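Structure first, commentary second.
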Amino acid sequence: DQGRLTMGQVLELSISASMALRQLDVRNWVDEGKLTMDQVLGLTEGAGFALSQADVRNWIIEGRLTMAQVLGLTTAAGLALSQEGIRNWVDEGRLTMDQVFGLTEAAAEALDEEDIRNWVIEGRLTMDQVLGLTEIASLALYQEDMRNWIIEGRLTMDQVLRLVDDNQLQVLRHNILLNNGVAVINDNQSTHRASVHQSVSESATRLANR
């Protein structure tokens, strides 16, 4: 039976396939022929994230998403659809499905934060700015102290949006602390000064593995 698994396949299930097969809807789709077992076994990380959410499965049932679209989801888009706040935005029309499909991991991580979604609603950030975030700017916005400094006026949004590498972020953080709330990016500062602070690269790796 093409709709059944062998013990060998079970033992080698990917995390994405395992997440999907835990859902009754997915198992029913396999039984009904709407999804083949080969497709389940080959699910991308993004598709696995998405199919684990009842809202996404309901959108498939309602015809708002096709199975082909789900199977083609990038990791970033699937991660975004696993976040309730982003799914709510899709329902409210604040975010189109096409925008979700095109999300980078940096944008998806940023939109996971309620503060950032609120800033978009308030007009402090535009959706285009979020969609264009660099990895390091997204990482900065993901950090609670950086968001608090923005709220307190110790850091501007433009300063964060201009960040392009770890060194700039470290120098920015250093200057905020050093100048008691006055943040200045100085690209000519010695990298030695920034090196006394922990690199954010480890944090970026942890975020990518969430």
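Before we move on, is Leu207 at pLDDT below 90 and under 18 Å from Ala80 (Cα atoms)? Before the answer, list the steps.
Values: at pLDDT below 90: yes; under 18 Å from Ala80 (Cα atoms): yes.
For Leu207, the condition - at pLDDT below 90 and under 18 Å from Ala80 (Cα atoms) - is met.
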(message) Quick test for you: out of Val130, Val160, Val120, pick the one residue that is β-branched (Val, Ile, Thr), part of a helix (DSSP H, G or I) and more than 30 Å from Glu62 (Cα to Cα).
(response) Val160
(message) What pairs come out if I take residues in segment 77-99 that are outside any loop (DSSP other than H, G, I, E, B) and pair them with residues that are among the β-branched types (Val, Ile, Thr) whose C-beta lies under 6 Å away, six or more apart or interchain?
(response) Ala77/Val100; Ala80/Ile86; Ala80/Val100; Leu81/Val56
(request) Give the residues of segment 110-143 that are acidic (Asp, Glu), more than 20 Å from Arg173 (Cβ to Cβ) and open to solvent by less than 50 Å² (accessible area, probe 1.4 Å), sorted by residue number. (result) Asp112
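So is His192 in a helix (DSSP H, G or I), farther than 21 Å from Ala110 by Cα, at pLDDT below 90 and out of contact with any helix residue (DSSP H, G or I) (no Cβ under 8 Å at 6 or more places or on another chain) or not? Reasoning before the result, please.
Working: in a helix (DSSP H, G or I): yes; farther than 21 Å from Ala110 by Cα: yes; at pLDDT below 90: yes; out of contact with any helix residue (DSSP H, G or I) (no Cβ under 8 Å at 6 or more places or on another chain): yes.
Judged against the criteria, His192 is a match.
Could you list, in sequence order, all residues of segment 18-38 that are under 24 Å from the mean Cα position of the chain (by Cα) and open to solvent by 60 Å² or more (accessible area, probe 1.4 Å)?
Arg22, the sole residue that qualifies.
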(message) Step by step: first the residues of segment 33-52, then only those that are part of a loop (DSSP other than H, G, I, E, B) and not charged (D, E, K, R), then the one that is farthest from Ala68 (Cα to Cα). Which residue is that?
(response) Ser52
(request) Any chance you could count how many residues in segment 77-102 are closer than 22 Å to Ile15 by Cα and buried (at least 21 other Cβ atoms within 10 Å of the Cβ)? (result) 6
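May I ask you to verify whether Ile61 is open to solvent by 30 Å² or more (accessible area, probe 1.4 Å) and in a helix (DSSP H, G or I)?
The answer is yes for Ile61.
The values are calculated or read from the model by the stated rules, or taken from the named source; none is laboratory data. Just so it is clear, the model here is predicted, and its values are computed rather than measured. Counting neighbours? That spans all protein chains shown, and the Cβs are built from the backbone with ideal geometry, glycine included. All accessible areas refer to the heavy atoms of the entire protein, side chains included, with ligands and DNA or RNA removed. Shrake-Rupley method; radii C 1.70, N 1.55, O 1.52, S 1.80 Å.
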